[in-house]
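Here is the structure we will look at, set down as structure tokens.
The values are calculated or read from the model by the stated rules, or taken from the named source; none is laboratory data. This one's a predicted model, so the numbers in the text were calculated from it and none came from an experiment. Here the Cβ positions follow ideal geometry from the backbone for every residue, glycine too, while neighbour counts run over all protein chains shown.
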């Protein structure tokens, strides 16, 4: 028994190293992983300029164009610890401080807003995601224990390298996440939206319940949905034969606002 107990410090050291992984010198959690030119090679360039022209043309025919404001919005991705030694790992939250989002709201008709003609597009870059920002983790920790464990800047940088690197989301080859609103059902404040989610070079259709608010000069939309990494050809991170891992499902939470 004493001999087996003596092995625990060494085992814990291995687990910590596996969770953190090798860290490049002077790594910064918010620094882009790849250049613009390198990112454009695998998945193509940003579609935002094309969207700008299309939405401007739609607005000329009536209705309202909404430009989402990242500074007034919240867009987060939650990843959860797994594996046989999950209690030794951490849950993680990724925040998107920058994205391009446009929405078109057709003019109301005699029977109400023709939501079947509404449009929505959002694009963000994986290499601009911020992993485990301290203020967000503090906010989540205040609401429960799932994110209470503190993480250092080096921990966040290493986690970012694992999740967005070649063994995870492959942000260098597939830099963009895009969400296109394909169908709109219901009426504000409660609506159902069928979206087409582009991730890792694949596109999947998903149903998303959305709470929508529309007032003079203001538009809001909030909700959350689940993405399974395996559905997009992504193998969830795992180390030490599955002793430490990231669970396959990710939770995407959004609270979008625009004018």
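Scanning the range 114-139 for residues that are at pLDDT below 90 and either closer than 20 Å to residue 68 by Cα or touching a helix residue (DSSP H, G or I) at 6+ places or on another chain (Cβ under 7 Å) (or both) turns up 115, 117. Inspect all residues belonging to the range 149-165 and state whether any of them is part of a loop (DSSP other than H, G, I, E, B), closer than 26 Å to residue 200 by Cβ and in contact with a strand residue (DSSP E or B) (Cβ under 8 Å, 6 or more places away or on another chain). There is no residue in the range 149-165 that is part of a loop (DSSP other than H, G, I, E, B), closer than 26 Å to residue 200 by Cβ and in contact with a strand residue (DSSP E or B) (Cβ under 8 Å, 6 or more places away or on another chain).
Here residue 53 fulfils each of the conditions (1) under 30 Å from residue 155 (Cβ atoms); (2) without any contact (Cβ under 8 Å) to a residue 60 or more places away in the chain apart from (1).
Being surrounded by fewer than 21 Cβ atoms within 10 Å (Cβ to Cβ) and touching a strand residue (DSSP E or B) at 6+ places or on another chain (Cβ under 8 Å) holds for only one residue in 132, 116, and it is 116. Has the range 91-109 got at least one residue that is buried (at least 19 other Cβ atoms within 10 Å of the Cβ), touching a residue at least 60 places away in the same chain (Cβ under 8 Å) and under 27 Å from residue 243 (Cα atoms)? Yes - at least one qualifying residue is present in the range 91-109. Residue 166 fulfils the conditions (1) under 23 Å from residue 44 (Cβ atoms); (2) under 14 Å from the mean Cα position of the chain (by Cα); (3) surrounded by fewer than 16 Cβ atoms within 10 Å (Cβ to Cβ) except for a single criterion, (2).
Any residue at all in the range 175-187 that is exposed (fewer than 13 other Cβ atoms within 10 Å of the Cβ), assigned to a loop (DSSP other than H, G, I, E, B) and either touching a residue at least 12 places away in the same chain (Cβ under 8 Å) or at positive phi (or both)? No: zero hits. Pull up the range 235-259, narrow it to residues that are touching a strand residue (DSSP E or B) at 6+ places or on another chain (Cβ under 8 Å) and in a loop (DSSP other than H, G, I, E, B), then point me to the one that is surrounded by the most Cβ atoms within 10 Å (Cβ to Cβ). Selected residue: 237.
On the stretch given as the range 30-82, residues that are touching a helix residue (DSSP H, G or I) at 6+ places or on another chain (Cβ under 9 Å), modelled with pLDDT of 85 or more, assigned to a loop (DSSP other than H, G, I, E, B) and surrounded by 15 or more Cβ atoms within 10 Å (Cβ to Cβ) total 3. Does residue 194 fit the bill of being closer than 25 Å to residue 64 by Cβ and more than 15 Å from the chain's Cα centre (by Cα)? Spelling it out, residue 194 is indeed closer than 25 Å to residue 64 by Cβ and more than 15 Å from the chain's Cα centre (by Cα).
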